Amino acid sequence: MNGLYMNNIYKSFGTVNVLNGVNFDVRQGEVHALLGMNGAGKSTLMKILAGVLSPDNGTIAIDGKEYRFSSPADAKKAGIGLVVQEVDTALFPSLSVYENIAADEIVATKQKPILSWKQQKQRAAELLRRVGLSISLNKLIRECTLHEKQLIVLAKVLSSSARYIILDEPTAALSETETKRLFAIISDLKTQGVSFIYISHKLKEVKEICDRVTILRDGNVVHHGDVSALSLEEMIHYMVGRPYTTVQKEARAYSEDVLFKVKQLHIAKTNTTVDLQIHKGEIAGIAGLVGAGKTELAESLISHTKTAGEWWIDGKRYTFSSPKEAIAAGICLIPEERRKQGLFLDETVRTNLTVRLLSSLTKWQWVLRKKETQTAQQLVEALQIHPPFPQAAVKQLSGGNQQKVVIGKWLKTDARVFIFDEPTKGIDVNAKQEVFSIIRSLADEGKAVLYLTSEFQELLDIADTIYIMVDGQLVKRVSARDITYEQLIYYCSGGDLDGATVRFDRQEKANAVSS
Amino acid sequence: MAQPSVSIAKKKQMPSLLEFLYKHGTLLAILVVIAYFGITLDRFFTYENFSDILRSISIVTLVAIGITFSLIVDGFDLSVGSTVSLATIASAAALVLYRQEILVTLLVPLLLGIAVGLLNSLLIVKLKLPDLLATLATMYAINGVQLTYTKGFSIYNDMPLPDGGTAPGKFIPSFLFIGQGEVLGIPFSVLLMLVVVIATHLFLTYTKPGRLFYMTGENREAARLSGIPVNRYRTYAYVISGFFAALGGIVLASRIGTGQVSAGASFLMDGVAAAYIGFSVFGAGKPNVIGTLFGSILMGVLLNGLTMMNVPYYAQDIIKGAILVGALALSHMQKK
């Protein structure tokens, strides 16, 4: 019996059941999409297939033979290949292309410790031909483009005669033409009997390249079948499950005056240019999938990374070359990596909270400890930081309280533009509500707030307007009251941008609830 | 003396014996070492010996405070030993070869030290070279500079010159006072050290720039995103490091009364060990001036005792190395 069958797979971590009896099968020579929201169990299932994790229960059969993998090497021998999303982790940057392709074989081989260059090169050339890549075999990996590296990893996987290849978000960092080329190669290999498991958030591409689909939600298979029989909207419905009901929030009023605006801001990291504007008292959201370039945008707005363009604050034009200048003009960033970018972990809450206020707390550069403690105490109380002592070590605070400290350091400054990058990452529900109320009160005070996240529900809860970010670009601006959760996913997954064919409306959603 | 506090601490937490040793181990070690040498060596507890220990500690402390600054901004300065040598030669040359008075004699080495610091920060902050390698390079280059300038010969009073005459100048009393003089029975260099220790301690602990130094080192990215000019503070740190190394060199030249080539080499190791021992003193867990002072006291007492026990100086290096390893292990344990 040809094909790959994972039957009745169970896996739990502690008391959390991640996979509840998942059945997953891939036919020979097909591209099979594996879809699901974050936390649906996709990566756990694929880790089991690649031999990284072992299942609590269930069987794996490949081409009629049953397997029990105890290591990634076992899975490799059985014909499973994995092309990871971060291809750099699978390659040696200072070795040449052919040496990288031969690396696995050299490690695996026992009889012949020395392979001739000629043999290695011949084999590498043959494999590169199969993946349609024509580059010099002697080129160093660190000089290759991302697309080339990806194909080299694919060639490497093929060299171990993999028949079932897992592609994890293969197009996340590829340009449109590179994506097209990758698809051509996949189609070509398909005809040679190689199967692919295709994991992606870009549903439009799934529609384009995949034959069949399995959709996971909360560790269960909620749908599987032919891709052609499924519309993008249906895919999203299966992935999301329960329709998301927005609490009809009151329309927040914000001023007509534009407080913050960037014109032709060129972000070096993503090589894209964005324009955006935020009114006084407005909470603008940026919705984008992981890898869409949100953090790059946030860091560019405060000039932390290389950025060119024009900033306008309250009608005044600026150009910045360092965060110091941007901060002086009134911009602040609450960064995504709280511990790495936002906190001085070895210091006290007080020291963290007053870092921007020291000028007003010093006399002749001497820090007035009493005044500083008072100021910190006020902030601790206003933000309800627990434990409520300014002298507590910030290291010992929970994630939510740490986040309040990171936000708190800006509250008494004259910052007018607040940029929040994934501010609820890793904090509990209560802390999230507290962070939301801080953000709302900032907006009510007339600040401009930018909120970047891939948690779309949060945007619907808090944002007044939402920008959609795809591949580093802001492709659409909508009012948060006129958009549904499904529409947000639809746009962010690369769905039609003109909006003409979108069929999610509030009416349909109401039907879904009643059914 | 330590016993009761250990048992009290034990009730609070299990790993507290270790914690106690971590916090007060240095002090304990200093006391143990003094007690041991005091019992075994006749001449250890004498005024002359203590004043000698304190004088040698004062130079190590000055150098180690400079290193402490570079450690605070999460950098490292290997070039301090060479800077000490350079400053020693520079002040001796100013006095002996150029017959300068006290002002120039002090100014020239200090400016040279600042210049070395600027060179280091150019390499590390501007050109973004790794600090260890950049300062390793300057360490060798600076050492080469002072050797080339002196052609390998020391500079001393009435030294013969290549043209046949003798050197015009000499070590003047006001300069020698720095390393050899006493105020109310206390060596002047020790007073100088204490003033520097107190001033830098207050500066780092209680002032705004002091705090920004620490923040720059603890989390450079967070500091940058908080609007702290991190590169400026890193530059300051290397300049301060060069300055204090030069000050140490001046005291050294004054103490020995000659400009000996490569005289500062040993101060790198002593200073680094002192600064790292200082991490743990009173449980600070970070580079700090008071800790550095205790670190160099420990090193000074130990080396003095070993010398009196006739342990040869090359064997002392083994002990220095072992102490540095111990101090590094302690500071890493604390981080985990």
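The values are calculated or read from the model by the stated rules, or taken from the named source; none is laboratory data. From a predicted model like this one, the values you see are computed outputs, not experimental measurements. Note that we place each Cβ from the backbone using ideal geometry, even for glycine, and neighbour counts take in every protein chain shown.
Specify the residue that is farthest from the chain's Cα centre (by Cα); the eligible residues are those in region A:271-299 that are buried (at least 22 other Cβ atoms within 10 Å of the Cβ) and assigned to a loop (DSSP other than H, G, I, E, B).
This residue is A:GLU282.
Quick one: A:ILE334 ticks every box in (1) touching a residue at least 40 places away in the same chain (Cβ under 8 Å); (2) at the interface with another protein chain (Cβ under 7 Å from one of its Cβ atoms) except a single one, so which number is it?
(2)
For region B:97-110, how many residues are surrounded by fewer than 24 Cβ atoms within 10 Å (Cβ to Cβ), touching a residue at least 24 places away in the same chain (Cβ under 8 Å) and on the phi < 0 side of the Ramachandran plot?
Count: 7.
Tell me, please, whether a residue that is under 30 Å from A:VAL258 (Cα atoms) and either part of a helix (DSSP H, G or I) or not assigned by TED's automatic domain parsing to the domain that holds A:LYS324 (or both) can be found in region A:360-374. Write out each step before concluding.
As a first pass, look at region A:360-374 and keep what is under 30 Å from A:VAL258 (Cα atoms): A:360.
Applying the additional criterion that residues be either part of a helix (DSSP H, G or I) or not assigned by TED's automatic domain parsing to the domain that holds A:LYS324 (or both) yields A:360.
Yes, because at least one residue in region A:360-374 is under 30 Å from A:VAL258 (Cα atoms) and either part of a helix (DSSP H, G or I) or not assigned by TED's automatic domain parsing to the domain that holds A:LYS324 (or both).
If we scan region B:253-261, do we find a residue that is within 16 Å of B:GLY66 (Cβ to Cβ) and either within 14 Å of chain A (Cβ to nearest Cβ) or buried (at least 24 other Cβ atoms within 10 Å of the Cβ) (or both)?
Step one: list which residues in region B:253-261 are within 16 Å of B:GLY66 (Cβ to Cβ), which gives none.
No: zero hits.
Need the failing condition index for B:ALA263 against (1) small (Gly, Ala, Ser); (2) more than 30 Å from A:LEU411 (Cβ to Cβ); (3) in a helix (DSSP H, G or I), just the number.
Condition not satisfied by B:ALA263: (3).
Whether any residue in region A:246-257 is free of Cβ contacts under 8 Å to residues at least 12 places away in the same chain and polar (S, T, N, Q) is what I want to check.
Kept after step one, since they are free of Cβ contacts under 8 Å to residues at least 12 places away in the same chain, are these residues of region A:246-257: A:248, A:250.
This time we only want the ones that are polar (S, T, N, Q), so: A:248.
Checking region A:246-257: at least one residue is free of Cβ contacts under 8 Å to residues at least 12 places away in the same chain and polar (S, T, N, Q).
So, A:LEU34, is that one in a strand (DSSP E or B), under 18 Å from A:VAL194 (Cα atoms), in contact (Cβ under 8 Å) with a residue 40 or more places away in the chain and assigned by TED's automatic domain parsing to the domain that holds A:LEU216 or not? Please lay out each step first, then the result.
Details: in a strand (DSSP E or B): yes; under 18 Å from A:VAL194 (Cα atoms): yes; in contact (Cβ under 8 Å) with a residue 40 or more places away in the chain: yes; assigned by TED's automatic domain parsing to the domain that holds A:LEU216: yes.
For A:LEU34, the condition - in a strand (DSSP E or B), under 18 Å from A:VAL194 (Cα atoms), in contact (Cβ under 8 Å) with a residue 40 or more places away in the chain and assigned by TED's automatic domain parsing to the domain that holds A:LEU216 - is met.
For A:LYS324, work out the one condition from (1) at positive phi; (2) within 11 Å of chain B (Cβ to nearest Cβ) it doesn't fulfil.
(1)
Residues in region A:300-319: is at least one under 23 Å from the mean Cα position of the chain (by Cα), at pLDDT 95 or above, away from chain B (no Cβ under 14 Å) and assigned to a helix (DSSP H, G or I)?
no
What are the residues in region A:346-359 that are among the aliphatic types (A, V, I, L, M), more than 7 Å from every other protein chain (Cβ to nearest Cβ) and in a loop (DSSP other than H, G, I, E, B), if any? Before you say what the answer is, go through the steps one by one.
Taking region A:346-359 first, the residues among the aliphatic types (A, V, I, L, M) are A:349, A:353, A:355, A:357-358.
Those still in the list that are more than 7 Å from every other protein chain (Cβ to nearest Cβ) too: A:349, A:353, A:357.
Correct list: A:LEU357 only.
Could you please find all residues in region A:122-146 being surrounded by 19 or more Cβ atoms within 10 Å (Cβ to Cβ) and part of a helix (DSSP H, G or I)? Please lay out each step first, then the result.
First, the residues of region A:122-146 that are surrounded by 19 or more Cβ atoms within 10 Å (Cβ to Cβ): A:124, A:127-128, A:131, A:133, A:141, A:144.
A:ALA124, A:LEU127, A:LEU128, A:ILE141 - these are the residues of region A:122-146 that are surrounded by 19 or more Cβ atoms within 10 Å (Cβ to Cβ) and part of a helix (DSSP H, G or I).
Just need a number here: residues in region A:24-75 that are at pLDDT 90 or above, under 21 Å from A:SER228 (Cα atoms) and either surrounded by fewer than 20 Cβ atoms within 10 Å (Cβ to Cβ) or out of contact with any Cys (no Cβ under 7 Å at 6 or more places or on another chain) (or both).
Adding up the residues that qualify gives 9.
Considering only residues that are at pLDDT 90 or above, outside any loop (DSSP other than H, G, I, E, B) and surrounded by fewer than 22 Cβ atoms within 10 Å (Cβ to Cβ), which ones fall in region A:166-208?
Hits for region A:166-208 are A:PHE183, A:ALA184, A:ILE185, A:ILE186, A:SER187, A:ASP188, A:LEU189, A:LYS190, A:THR191, A:ILE199, A:LYS207, A:GLU208.
Step by step: first the residues of region B:282-335, then only those that are in contact with a helix residue (DSSP H, G or I) (Cβ under 8 Å, 6 or more places away or on another chain) and within 14 Å of chain A (Cβ to nearest Cβ), then the one that is farthest from B:LEU62 (Cα to Cα). Which residue is that?
B:GLN334
Evaluate region B:193-207: report whether one residue or more is exposed (fewer than 13 other Cβ atoms within 10 Å of the Cβ) and touching a residue at least 24 places away in the same chain (Cβ under 8 Å). Walk me through how you get there before you give the answer.
Restricting attention to region B:193-207, the residues satisfying the condition of being exposed (fewer than 13 other Cβ atoms within 10 Å of the Cβ) are B:195, B:199.
Pick out the ones that are also touching a residue at least 24 places away in the same chain (Cβ under 8 Å) and you get none.
No: region B:193-207 contains no residue that is exposed (fewer than 13 other Cβ atoms within 10 Å of the Cβ) and touching a residue at least 24 places away in the same chain (Cβ under 8 Å).
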